[in-house]
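Below is one structure, written out as structure tokens; the observations come after it.
The values are calculated or read from the model by the stated rules, or taken from the named source; none is laboratory data. Every value quoted in this text rests on a predicted model; they were computed, and no experiment measured them. With ideal geometry, Cβ positions are generated from the backbone for all residues, glycine too; neighbour counts draw on all protein chains shown. When the accessible area is computed, the model is the full protein with side chains, heavy atoms only, and any ligands, DNA or RNA have been set aside. Shrake-Rupley method; radii C 1.70, N 1.55, O 1.52, S 1.80 Å.
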Amino acid sequence: MPMLTDPSQKYKPYTPLVLKDRQWPSKTFTKAPIWLSTDLRDGNQALANPMTIEQKTLFFRELVKCGVKQIEAAYPAASDTDFNFVRGLIENNEVPDDVWIQVLTPAREDLIKRTIDSVAGAKHAILHMYNATSPLFRDVVFRNSKEQTIELAVKHTKIVRKLTEECTAKYGT
């Protein structure tokens with residue numbers, strides 16, 4: 001079967017469940033989902049031989065050719081390669097106007113700043129910040145209570161907000 005112009009037309013909606021005390025089971029999709037590629041991020045989970053900037057750039061171009069509109073490009077704080085790859089995409093106008101690049105950062109102020117610096121000037125960027133919340137990480141690695149972990153998440157979210165507003169003011173995007 002050849003590639004369809006609108007692949008969402010290939011599938012029929014499922015018969016929804018009607019549960020009086022629930023909302024989502026009775027909802028159906030009315031359009032195709034937005035796909036996010038995570039193929040380029042090898043950051044701190046790097047392969048034995050992680051991709052080079054040139055390899056990542058070629059891969060990024062192929063994803064764009066395939067029509068992917070959201071691409072998780074990197075974990076810029078994990079390596080200079082990932083940071084420079086993202087900067088290169090932006091500085092060389094590799095990101096089409098209808099494509100969003102996504103970057104990943106842990107909830108640490110220095111790494112958040114570096115991550116935001118990597119996407120400065122991008123037309124569309126999504127910053128995915130994470131914080132380890134499992135009891136094992138909270139108790140053993142960070143020695144934080146659940147409440148302290150929530151406080152850290154709130155604190156770092158405010159830092160993201162402040163730094164992205166400053167970046168937008170400086171670069172207009």
Is segment 14-35 home to any residue that is closer than 17 Å to residue 95 by Cβ and either touching a Cys at 6+ places or on another chain (Cβ under 9 Å) or at pLDDT 80 or above (or both)?
yes
Filter segment 142-160 for residues that are among the β-branched types (Val, Ile, Thr) and more than 20 Å from the chain's Cα centre (by Cα); which is surrounded by the fewest Cβ atoms within 10 Å (Cβ to Cβ)?
150
Given (1) part of a helix (DSSP H, G or I); (2) surrounded by fewer than 16 Cβ atoms within 10 Å (Cβ to Cβ); (3) modelled with pLDDT of 95 or more, index of the condition residue 139 fails:
(3)
Give segment 42-54 a look and list any residue that's at pLDDT 75 or above and open to solvent by less than 100 Å² (accessible area, probe 1.4 Å), or say none.
50, 51, 52, 53
Looking only at segment 121-136, how many residues end up being more than 15 Å from the chain's Cα centre (by Cα) and either of a type in the set (A, V, I, L, M) or at pLDDT 90 or above (or both)?
3
Does any residue in segment 75-95 that is touching a residue at least 12 places away in the same chain (Cβ under 8 Å) and closer than 15 Å to residue 112 by Cα come within less than 8 Å, Cβ to Cβ, of a residue that is open to solvent by 10 Å² or more (accessible area, probe 1.4 Å) and of a type in the set (Phe, Trp, Tyr) six or more places away or on a different chain, and which pairs are these?
76/83; 77/83; 82/75
Every residue in segment 161-173 that is free of Cβ contacts under 8 Å to residues at least 12 places away in the same chain, assigned to a helix (DSSP H, G or I) and exposed (fewer than 11 other Cβ atoms within 10 Å of the Cβ), please.
161, 165, 169
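Confirm whether residue 58 is modelled with pLDDT of 85 or more, open to solvent by 100 Å² or more (accessible area, probe 1.4 Å), farther than 30 Å from residue 133 by Cα and of a type in the set (A, V, I, L, M).
yes
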Does segment 78-86 include one or more residues that are in contact with a Gly (Cβ under 9 Å, 6 or more places away or on another chain) and modelled with pLDDT of 95 or more?
no
When the residues of segment 80-129 are narrowed to those that are hydroxyl-bearing (Ser, Thr, Tyr) and in contact with a strand residue (DSSP E or B) (Cβ under 7 Å, 6 or more places away or on another chain), which ends up surrounded by the most Cβ atoms within 10 Å (Cβ to Cβ)?
115
